[in-house]
Amino acid sequence: MNTPIAIEIVMLLAGLLFVLGIVGVIIRKNIIFMLLSVEIMLNAAGLAFIAAGSRWAQPDGQVMFIFILAMAAAEVSVGLALILRIYHQHRSLDIDKLKEMKG
């Protein structure tokens, strides 16, 4: 028998994933890992939208998640293109090394 999961638990999981993404962006030095952390944050926001939509039995949360997925796909394609360009120019993806090269 399926028992519904409480919205508080799902929102707590979404908040935890979002914080994990923020920590990843702040702590990581590699641009690719920073991009993955932003993706985790977007998925956490999508999970919160879906949980809220299911709470009120409205499809709005799922529609917003589709928009988030489309935005994430565009962000990944542009982000990876920029990362490849940076790597070809500087031969590094480390943020600290790139800052040193700039000055």
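The values are calculated or read from the model by the stated rules, or taken from the named source; none is laboratory data. Small disclaimer: the values here were computed from a predicted structure and weren't measured. Positions of Cβ are generated from backbone atoms using ideal geometry, with glycine treated the same way; all protein chains shown enter the neighbour counts.
Just to be sure, is ASP60 under 17 Å from LYS29 (Cα atoms), surrounded by fewer than 17 Cβ atoms within 10 Å (Cβ to Cβ) and more than 17 Å from the chain's Cα centre (by Cα)?
no
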Problem - Close pairs from the range 57-75: first under 11 Å from GLU39 (Cα atoms), partner aromatic (Phe, Trp, Tyr) and crowded, with 17+ Cβ neighbours inside 10 Å, Cβ under 9 Å, at least 6 apart - result: ILE68/PHE49
Exercise for the section: Within the range 66-96, track down each residue that is surrounded by 10 or more Cβ atoms within 10 Å (Cβ to Cβ) and acidic (Asp, Glu). Expected result: GLU75, ASP94
Exercise for the section: Answer yes or no as to whether GLN89 is without any contact (Cβ under 8 Å) to a residue 12 or more places away in the chain, of a type in the set (S, T, N, Q) and either farther than 24 Å from MET101 by Cα or in contact with a strand residue (DSSP E or B) (Cβ under 7 Å, 6 or more places away or on another chain) (or both). Expected result: no
Exercise for the section: Would you check if MET101 is surrounded by fewer than 13 Cβ atoms within 10 Å (Cβ to Cβ) and either at pLDDT 90 or above or not hydroxyl-bearing (Ser, Thr, Tyr) (or both)? Expected result: yes
Problem - Count of the range 18-44 residues which are over 20 Å from SER77 (Cα atoms), surrounded by fewer than 18 Cβ atoms within 10 Å (Cβ to Cβ) and among the hydrophobic types (A, V, I, L, M, F, W, C) - result: 6
Handout entry: Cβ pairs under 6 Å, 6+ apart, first in the range 1-30 and farther than 22 Å from ASP96 by Cβ, second surrounded by 11 or more Cβ atoms within 10 Å (Cβ to Cβ) and among the charged types (D, E, K, R)
Key = ILE7/ARG55
